[in-house]
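The values are calculated or read from the model by the stated rules, or taken from the named source; none is laboratory data. On a predicted model such as this, the values are computed, not experimentally measured, just so you know. Neighbour counts run over all protein chains shown; Cβ positions are idealised from the backbone, glycine included.
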Amino acid sequence: MDSLLYLDNAATTPMSQEALETFQEKAKSCYGNSSSIHRMGQRASLCLEGARRDLLSLLFPKESSETPSFHPTAIFTSGGTESDNLAILGRIHKLDPSRKKKFKIGVSITEHSAVLKTVEELKEQGHDVAFLPIDSCGVIKLDELSSFFETKPDIFSIHHVNNETGAIQPIEKIGALLREKSLNTFYHSDCVQSFGKIKIPFKEATLDAISISSHKIHGPKGVGALILKEKTALDPISFGGGHEAGVRSGTVNVPGIASFVTAAKEAIHHLEVCQSRCHNLKNRTIQLLNEQIKAPFRILCPNSSIPQVLSILFPEHEAAILARMLDDKGICVSSGSACSSQSRKPNRILQAMGLPTNESYGALRISFSRYLDETAPEKFVRTLHDILKTY
Ligand SMILES: Cc1ncc(COP(=O)(O)O)c(C=O)c1O
């Protein structure tokens, strides 16, 4: 469809030209197995280690005050889901190789299912798991978190940016709370929705690990990384040839990783331009919604969300139906997260924010990228206006 308007960049993004070219070039020139001793293996291995160094220097630039006093490492994975699983389960394996002990784990109630389902499984196995509440702006309640920290959790995991509302979690303040209480808690953040979009204060937040993913930043799908402060913080959760510092076995996807790191470089280099473009697109959309849409609606997390995500609640409508009608007109948006948009369940994030169940079907998420131009808000709001007139 020529006039397709893609406003679902929090679900996934189209690959950038540079990332595509890198993939193609490396798939041709670096097809060797990075573990092989011959020249093609060595070529792939050099490419892999170059990508790892480049990714780490994007996260911890050398020429700034951010130079880490520690030696972080990047474990390449198949994406955000695997990185989240590896962070939590890998830490448990490290803490107790016998797998007999039970640990105390805390997460926010609004984690992505990659974290939520992992800790639910651990709860089933007898671990003590706490799901910490958020306020009406979608942000974790720090007073309740502080009381929870009194119980000295072994692991605490919180996303940096929520995939549905765009709400930013105060990961630095959480790090300060942990420091203040001198806890040994392993502190992980799912940064899949923040990496390449806003700055991640890894060092300031005294994080132990973050998960990132390539396909949210115009890189290929099926690639991601777990960034660790200490290489030895985890034990493997799957077994094989001992690749990736022994914690993530499997022949390494070198072209995908090189392409991911190309996309990451572009995202970090364009970060401010992209933020300002998305900020303008978001504000213009809100302005046009206020001017043109007569049906009741409100913007969720207006002051606590990233510029790339706009979540609009239509309390009297079903967002899934609106999303389908928009799709008929060539506009791709989301109702709930992509993984859960097939199931007709009340939105758990909105419920956690205190919205009544009947309203929690009404959240339409639109998400911007640097590739959109200023015609996007007009087109979206005009089409939505026409749909709401007939629906
Ligand atoms: C916050 C968050 N965490 C984890 C994931 C999973 O990442 P991936 O699709 O790379 O497995 C997503 C994807 O939507 C996400 O938004």
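If you check R370, R365 for being of a type in the set (K, R), closer than 23 Å to I109 by Cα and crowded, with 17+ Cβ neighbours inside 10 Å, only one passes: R365. Suppose we keep only residues that are acidic (D, E) and more than 11 Å from the ligand (Cβ to nearest atom) within the stretch 127-165. Which one would you say is nearest to P302 (Cα to Cα)? That would be D135.
Each residue in the stretch 320-352 was checked for being hydrophobic (A, V, I, L, M, F, W, C), modelled with pLDDT of 95 or more and not in a helix (DSSP H, G or I), and 3 pass. Filtered by the rule that a residue be in contact with a helix residue (DSSP H, G or I) (Cβ under 7 Å, 6 or more places away or on another chain), closer than 22 Å to S146 by Cα, more than 13 Å from the ligand (Cβ to nearest atom) and part of a helix (DSSP H, G or I), the stretch 74-126 gives a lone residue, V119. Using the structure shown, decide if R298 is modelled with pLDDT of 95 or more, within 23 Å of F195 (Cα to Cα) and basic (K, R). No, not satisfied.
Scanning the stretch 169-202 for residues that are more than 12 Å from the ligand (Cβ to nearest atom), crowded, with 19+ Cβ neighbours inside 10 Å and either in a strand (DSSP E or B) or at pLDDT below 95 (or both) returns F186, Y187. When I212, I237 are screened for being within 13 Å of the ligand (Cβ to nearest atom) and among the hydrophobic types (A, V, I, L, M, F, W, C), only I212 passes.
Just to be sure, is V119 among the aliphatic types (A, V, I, L, M) and either at pLDDT below 95 or within 19 Å of the chain's Cα centre (by Cα) (or both)? Judged against the criteria, V119 is a match.
Do you know which residues across the stretch 13-47 are within 16 Å of the ligand (Cβ to nearest atom) and touching a Lys or Arg at 6+ places or on another chain (Cβ under 7 Å)? If the condition is that a residue be within 16 Å of the ligand (Cβ to nearest atom) and touching a Lys or Arg at 6+ places or on another chain (Cβ under 7 Å), then T13 is the only one that fits.
I'd like the full set of residues that are more than 21 Å from the chain's Cα centre (by Cα) and surrounded by 21 or more Cβ atoms within 10 Å (Cβ to Cβ), limited to the stretch 1-24. Those that are more than 21 Å from the chain's Cα centre (by Cα) and surrounded by 21 or more Cβ atoms within 10 Å (Cβ to Cβ): T22, F23. Note on the stretch 324-337: residues that are within 16 Å of the ligand (Cβ to nearest atom) and buried (at least 21 other Cβ atoms within 10 Å of the Cβ) total 4.
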